[in-house]
Amino acid sequence: MIDALFGSKTRVKLLHLFLNSPGQSFYVREITRKIDEQINSVRRELSNMLDVGIITSDSADNKLYYQVNQRYDYYVPLRAIFGDNVNEVSAVPLVDDSSSDEYSIAIRAIPGLRLALFAGVLVRGSSSQVDVVLVGNLVGAKVKAAIKLIEKGEGRDINYTVLSYDEFYYRLSIRDRFITEILNGKYTVVVDKDNVLIDQK
């Protein structure tokens, strides 16, 4: 019944995938595996959904990624139809704001933190070998607790580095290779209390 209402079985599966994964991006072959449909059918429906505006696309690592457009006019009612947990629909933000991300919240809660970056496996398109950089006079137990939460969410070990503010600023000033390799790639600023990186992006 719902297939007829929304045009095709593939479209219904795509809507279910995207509307249950706000903030997540998928490339075409990944989508075909997840919904078990032919790639030509998937490509056709993705094109239609892009034209309508319910999804957006972005390229990284020579792949085209798609994700739901949370600013789409009918995002909330569609999520009410296709979302697995209808009761959570009203709580879904209409803008993908990383400040509400669980990882960011955990990192920001570390006392004494002055600067924090996400890179590596936490940022799509990043080739950094380091996933988290933390700067400040930090308590080891608090850092480990935050990293453990991220590792649990990612299902893998996270490579992280803790630096004092003076050491980080010195390395930045002399364009230390370790720091510049991270900053020349893709990264996300989680905390920058002193606006050290305001001109770096």
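The values are calculated or read from the model by the stated rules, or taken from the named source; none is laboratory data. All values derive from a computational prediction rather than experimental measurement. As a convention, Cβ positions derive from the backbone with ideal geometry for all residues, glycine included, and neighbour counts pool all protein chains shown.
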Item to check | Residues of the range 60-81 classified as part of a loop (DSSP other than H, G, I, E, B) and loosely packed, with under 14 Cβ neighbours inside 10 Å, total | outcome: 5
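Every residue, every condition in (1) surrounded by 19 or more Cβ atoms within 10 Å (Cβ to Cβ); (2) in contact with a helix residue (DSSP H, G or I) (Cβ under 6 Å, 6 or more places away or on another chain); (3) within 24 Å of TYR27 (Cα to Cα), yes or no:
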site	(1), (2), (3)
LEU113	yes, no, no
VAL121	no, no, yes
VAL135	yes, yes, no
ALA145	no, no, no
THR161	no, no, no
TYR170	no, no, no
Next on the checklist: Can you go through VAL143, VAL135 and tell me which one is among the aliphatic types (A, V, I, L, M), not assigned by TED's automatic domain parsing to the domain that holds ALA60 and not in a helix (DSSP H, G or I)?
Outcome noted: VAL135
Checklist outcome for this item: In the range 97-132, anything part of a helix (DSSP H, G or I) and of a type in the set (A, V, I, L, M) is listed as ILE105, ALA106, ILE107, VAL121, LEU122
Checklist outcome for this item: Picked from the range 109-144 (must be touching a strand residue (DSSP E or B) at 6+ places or on another chain (Cβ under 8 Å) and among the charged types (D, E, K, R)), the residue nearest to LYS186 (Cα to Cα) is ARG124
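Here is a yes/no grid of residues against (1) modelled with pLDDT of 90 or more; (2) among the acidic types (Asp, Glu):
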residue: TYR65; (1), (2): yes, no
residue: GLN70; (1), (2): no, no
residue: LEU78; (1), (2): no, no
residue: ASP101; (1), (2): no, yes
residue: LEU113; (1), (2): yes, no
residue: ALA116; (1), (2): yes, no
residue: GLY120; (1), (2): no, no
residue: VAL132; (1), (2): yes, no
residue: ASN137; (1), (2): yes, no
Next on the checklist: Just to check your reading of the model, which residue among LEU50, LEU14, LEU78 is in contact (Cβ under 8 Å) with a residue 60 or more places away in the chain, at negative phi and over 19 Å from the mean Cα position of the chain (by Cα)?
Outcome noted: LEU78
